[in-house]
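Read the structure below first, then the notes.
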Amino acid sequence: MATRPDPVAAADDDARALARSLLQLGHASLAYLEAETASPGISRISFGCGPDGTPMTLISALAPHFAGLRAHPPCAVMLGEPGPKGDPLTHPRLMLRATASFIAPDDPARPALRDHWLTHHPKAKLYADFADFAFVRLTVATALLNGGFARAYRLTPTDLGTG
């Protein structure tokens with residue numbers, strides 16, 4: 001029996017550019033495992049990249065995904081929005097496989113991360129300094145870009161500018 005060729009290609013310049021543009025959306029869906037049951041969950045999150053290009057988010061300890069990421073750091077993030085017309089599956093989307101790490105309140109890097117975050121998410125100034133909020137780095141291991149029909153690519157952190 002003949003094996004089918006892999007439909008997912010290595011990244012090219014166009015795929016890298018499209019993926020990097022999706023990293024600028026400002027929000028994403030986060031897949032995580034719940035802290036107590038390790039059952040899968042998903043949540044909409046604020047999303048951005050730090051000064052070094054590392055994806056990150058700002059989340060409240062009141063959110064279930066906060067405890068989930070503390071207990072089970074591996075996660076996945078989906079970026080992309082369907083356009084106003086056509087089949088939603090023909091619009092570009094980027095899936096990141098990542099590991100979450102929390103930035104401690106006394107981490108010397110936190111003030112610069114906070115300032116950078118607020119440049120891109122100015123409304124977060126209302127709550128970014130609340131005691132229950134934490135910045136979380138999402139260190140990318142691999143990524144998969146679906147650029148539309150018959151346009152799938154594997155990307156590395158280097159392709160994304162995150163590593």
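The values are calculated or read from the model by the stated rules, or taken from the named source; none is laboratory data. Please read all numbers here as calculations on a predicted model, not as lab measurements. As a convention, Cβ positions derive from the backbone with ideal geometry for all residues, glycine included, and neighbour counts pool all protein chains shown.
Look at (1) touching a Leu at 6+ places or on another chain (Cβ under 6 Å); (2) without any contact (Cβ under 8 Å) to a residue 12 or more places away in the chain; (3) of a type in the set (S, T, N, Q) and you find that Ser43 fails only one, number (2). Answer yes or no: is there a residue in region 42-63 that is crowded, with 21+ Cβ neighbours inside 10 Å, aromatic (Phe, Trp, Tyr) and part of a strand (DSSP E or B). The answer is no; no qualifying residue exists.
For region 94-108, the condition of being over 13 Å from Leu138 (Cβ atoms) and in contact with a Pro (Cβ under 7 Å, 6 or more places away or on another chain) holds for none of the residues. Across region 1-25, the qualifying residues are those that are assigned to a loop (DSSP other than H, G, I, E, B) and surrounded by 12 or more Cβ atoms within 10 Å (Cβ to Cβ), and the one among them that is modelled with the highest pLDDT is Leu23. Taken together, the residues in region 143-163 that are within 23 Å of Pro73 (Cβ to Cβ), without any contact (Cβ under 8 Å) to a residue 60 or more places away in the chain and surrounded by 14 or more Cβ atoms within 10 Å (Cβ to Cβ) amount to 1.
Annotation: of all residues in region 26-41 being of a type in the set (A, V, I, L, M) and not in a strand (DSSP E or B), the one that is surrounded by the fewest Cβ atoms within 10 Å (Cβ to Cβ) is Ala38.
Conditions tested, residue by residue: (1) at pLDDT 95 or above; (2) not small (Gly, Ala, Ser).
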position	(1), (2)
Gly68	yes, no
Pro73	yes, yes
Gly83	no, no
Ala100	yes, no
Leu118	yes, yes
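Of the listed requirements (1) in contact with a Leu (Cβ under 7 Å, 6 or more places away or on another chain); (2) surrounded by 15 or more Cβ atoms within 10 Å (Cβ to Cβ); (3) over 20 Å from Leu79 (Cα atoms), Lys125 misses just one: (2).
In region 88-120, what residues are acidic (Asp, Glu) and either within 19 Å of the chain's Cα centre (by Cα) or within 9 Å of Phe135 (Cβ to Cβ) (or both)? Passing the criteria: only Asp107. Scanning region 67-88 for residues that are touching a Phe, Trp or Tyr at 6+ places or on another chain (Cβ under 8 Å) and not in a strand (DSSP E or B) returns Gly68, Leu69, Arg70, His72. Being hydrophobic (A, V, I, L, M, F, W, C) and part of a loop (DSSP other than H, G, I, E, B) holds for only one residue in Ala112, Ala98, Ala150, and it is Ala150.
Checking each residue in region 1-27 for being of a type in the set (A, V, I, L, M) and in contact (Cβ under 8 Å) with a residue 24 or more places away in the chain picks out Val8, Ala9, Ala10, Ala11, Ala15, Leu18, Ala19, Leu22, Leu23, Leu25. For region 71-86, the count of residues that are under 15 Å from the mean Cα position of the chain (by Cα), exposed (fewer than 13 other Cβ atoms within 10 Å of the Cβ) and at negative phi is nonzero.
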